[in-house]
1. Quickly run through the range 435-453 and pick out the residues that are in contact with a Leu (Cβ under 9 Å, 6 or more places away or on another chain), of a type in the set (S, T, N, Q) and assigned to a helix (DSSP H, G or I).
2. Exactly one condition in (1) touching a residue at least 24 places away in the same chain (Cβ under 8 Å); (2) over 25 Å from H568 (Cα atoms); (3) basic (K, R) is not met by K517; state its number.
3. Test A577 against the criterion of being part of a helix (DSSP H, G or I), open to solvent by less than 60 Å² (accessible area, probe 1.4 Å) and of a type in the set (G, A, S), and give yes or no.
4. Filter the strands (runs of 3 or more DSSP E) completely within the range 5-72 down to those with at least 3 residues that are crowded, with 16+ Cβ neighbours inside 10 Å.
5. Kindly provide the set of residues from the range 320-334 that are outside any helix (DSSP H, G or I) and open to solvent by 30 Å² or more (accessible area, probe 1.4 Å), ordered by number.
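The values are calculated or read from the model by the stated rules, or taken from the named source; none is laboratory data. Since this is a predicted model, take the numbers as computed values, not measurements. Don't worry about glycine lacking a Cβ; one is built from the backbone with ideal geometry, like all the others, and counts go over all protein chains shown. When the accessible area is computed, the model is the full protein with side chains, heavy atoms only, and any ligands, DNA or RNA have been set aside. Shrake-Rupley method; radii C 1.70, N 1.55, O 1.52, S 1.80 Å.
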Amino acid sequence: MVNQRPGRVIIEKIQPNVDEGRFPLARVQGDILEFSVDLFADGHDFLAADLILTAPDGSERKSAFESLGPGLDRFAAKTSVLDQVGPWKVQVEAWIDEFATWVHEIEKKHEAGVNIDLETREGLILIHQAAENAASQSLTASEELKQIAIAIIQDDIADQERVRLAQGENLARLMRLYAKRTSGQTLERPHGIRVDRERAVYGSWYELFPRSAGRNKGKHGTFQDVVAQLDDLATLGFHVIYLPPIHPIGLKFRKGPNNSLIAGPEDPGSPWAIGNETGGHKAIHQELGTLADFQQLVLESAARGMEIAIDIAFQCAPDHPWLKEHPEWFKTRPDGSIRYAENPPKKYQDIHPLNFECDDWQGLWNALRDIFLYWLGQGVRVFRVDNPHTKPFAFWEWCLEEVRKVDSGVIFLSEAFTRPKLKKRLAKAGFTQSYTYFTWRNTKSEITEYFTELTQSECREYLRPNLFANTPDILHAFLQDGGPVAFRIRLILAATLGATYGIYGPPFENCNGTPAKPGSEEYLDSEKYEIRHWDLHQPGNLRPLVRLINEIRTANVALQRNDSLKFHPIDNVNLIAYSKITEDRKNRILVIVNLNPYHTETGMLDLKNDYFDISPERDFFVRDLLSGDVYRWNGSRQYIEISPQRTAHLFVIEK
């Protein structure tokens, strides 16, 4: 026997959601969401429902669900502005709307010529109940309800007038607020929304190795050298300066140039081999400078509107202090040695992975969380996390939430070039952004299929792509073979397909496409293993294009979001066309890229005039933001011709 009378309303299929509310939606401050839901009950009673948002500060925001049409049992409601960064709760409260049911009943009976005296008295009971409920909240509302009840019960008015009074908008509003709610129901589990700050969805990233920032060739760079580059990087339009690990580098089994097993006395080793006798993950490599120098770098970047992101790699060099202090945190092999990292055929003898299944797993988890908190205390609010897919999902879900309790504006970038389900689960677990497979999507069909998934499938609700055109680990064959034009192509694609993109800066700007060996995606003389000196002002450098692209992104709001991305037909496999448009249609961007770095390509582009809000009877103008050229177009079909030197059209459609 059920001890409490159950509600009659059924709540199903709330959208959007992530795994039926198991994980929060990902949104940014200032967003407005529309939720839809199935609501129905037995019988023919009318239903009502509220969307209830609880903000991070505990305040509630209510929006009424409205029916999407008779017989559909589908309702929709828009949220108020998500104006606070942090975790929001979403609840649906639904109930039998006795008042709306009553109004409908007297309407039908009056139309049929049936006497409604008894029905009128039933409605008055509902109105008086609402007046009593209102008395404790608003005496004015209570009095208004009483006056309406008096007007309806008058003996000298016709039934038609009673019906008209019952249909009044003000009465409906007051009854919505104060009427007794019966047979109510709520979601079994409130859903969540993680609201991040703007940088979570829009930004331009620049990766550099501080040790290569020195002004003199061969000399180890410092944080002060990076500070000297900040004005230049700000002029280029970057928002985030990402630094590989800045910690002491292990001496044991240190790697030499090109990942050789033997390092010379002057070889700096890999920054991802973290820790030596001077310290571990909370220490700074002494040749980079002091903690005060790093803090100055953070402050100087902020003064120019930029942020410093650091790499968090939860792994240890053989001489990391934890190997002595906490040997239980590592896996020991049958011969007594500690397992080093491998990704066959690659071997990383200079790195030991952590054992998340050790007996002291709680101590390990707390220590790793405290690394984030330490650098958060030094002013870092953006973290690129190395290989998160090799650590338990439960750890990330716990750890990222723990850090966000201290600062809800922290941004975590997941560097997980792994299987799709693992990548998606990390995003659900709380990573703000994700590396993607963009690097390996180079043909028209590959790009179209992949970005349709990213922007139009359910993963748009939780996974935010960060499109890196290259990384220290990945020099794609397209860049190796296509020369400077290939770098231009990938830059334009990354910066316009995605609201957030990045480049591993110096090699990309210099169009460095030399692999370590044929068939390898590793760079020859990789900066991961040695200090490099970059001439960033040599002829053919891409800096002018990078600056222009970032200026275009800043000036065009449509490029700062992903949801409106739409691909358009063009009858050439080497030409790809897509657009981004703001909701108010005031900013309309059309991008057409020649994917062939060797030859001029032509094709006929098909546009839908109604999609672009263009009159088919009138000419319209498109301005190429890359070249400044203006074209006068008419109709939905346009001839396109793009040479490798031009590379792309980045049009704004003008009114």
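1. Within the range 435-453, T439, T452 meet the criteria.
2. (1)
3. Details: part of a helix (DSSP H, G or I): no; open to solvent by less than 60 Å² (accessible area, probe 1.4 Å): yes; of a type in the set (G, A, S): yes.
For A577, the condition - part of a helix (DSSP H, G or I), open to solvent by less than 60 Å² (accessible area, probe 1.4 Å) and of a type in the set (G, A, S) - is not met.
4. Working: elements: 10-15, 25-28, 34-40, 47-54, 60-64.
Filter on the range 5-72 gives 25-28, 34-40, 47-54.
5. Here is the first cut: in the range 320-334, the residues outside any helix (DSSP H, G or I) are 320-321, 326, 330-334.
P321, H326, K331, T332, R333, P334, listed by residue number.
Residue by residue, here is whether (1) aliphatic (A, V, I, L, M); (2) out of contact with any helix residue (DSSP H, G or I) (no Cβ under 7 Å at 6 or more places or on another chain); (3) open to solvent by less than 60 Å² (accessible area, probe 1.4 Å) holds:
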| position | (1), (2), (3) |
| --- | --- |
| I589 | yes, no, yes |
| N596 | no, yes, yes |
| L625 | yes, no, yes |
| V630 | yes, yes, no |
| R637 | no, yes, no |
| I640 | yes, yes, yes |
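Residue-by-condition table, conditions (1) closer than 30 Å to I411 by Cβ; (2) more than 42 Å from the chain's Cα centre (by Cα); (3) open to solvent by 30 Å² or more (accessible area, probe 1.4 Å):
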residue: A77; (1), (2), (3): yes, no, no
residue: Q91; (1), (2), (3): yes, no, yes
residue: L145; (1), (2), (3): no, yes, no
residue: R164; (1), (2), (3): no, yes, yes
residue: Q167; (1), (2), (3): no, yes, yes
residue: L171; (1), (2), (3): no, yes, no
residue: T182; (1), (2), (3): no, no, no
residue: R194; (1), (2), (3): yes, no, no
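Condition check ((1) open to solvent by less than 10 Å² (accessible area, probe 1.4 Å); (2) among the hydrophobic types (A, V, I, L, M, F, W, C)) across all residues:
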residue	(1), (2)
G483	no, no
A516	no, yes
L536	no, yes
L559	yes, yes
N562	no, no
